[in-house]
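This report refers to the structure that appears directly beneath it.
The values are calculated or read from the model by the stated rules, or taken from the named source; none is laboratory data. Just so we're clear, the structure is a prediction, and the values are computed from it rather than from any experiment. In this analysis, Cβ positions are derived from the backbone assuming ideal geometry, glycine residues included, and neighbour counts consider all displayed protein chains. The area values use the complete protein model at the heavy-atom level, side chains included, leaving out ligands, DNA and RNA. Shrake-Rupley method; radii C 1.70, N 1.55, O 1.52, S 1.80 Å.
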Amino acid sequence: MLAILLVLLVILLLFGGGFALHLLWWIAIALLVVWLLGFLLRAGGSRWYRW
């Protein structure tokens, strides 16, 4: 019984970690697109961000 619970716990952790990593990849891609658009569409050579 304990082995089954441990296996289920490991599966749950791996699924949760995989989902979180997948979500982080999509967030990173979205930020990259926003950064590239800001870099390409900047007006008059001024920066659109403050850093």
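For Leu31, are the conditions met, namely being out of contact with any Phe, Trp or Tyr (no Cβ under 6 Å at 6 or more places or on another chain), modelled with pLDDT of 85 or more and open to solvent by 100 Å² or more (accessible area, probe 1.4 Å)? I'd like the intermediate steps shown before the answer.
Details: out of contact with any Phe, Trp or Tyr (no Cβ under 6 Å at 6 or more places or on another chain): yes; modelled with pLDDT of 85 or more: yes; open to solvent by 100 Å² or more (accessible area, probe 1.4 Å): yes.
Here the answer is yes, as Leu31 does meet what is asked.
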When Gly44 is evaluated against the numbered criteria (1) at pLDDT 85 or above; (2) part of a loop (DSSP other than H, G, I, E, B), which criterion, by number, is the only one it fails? (1)
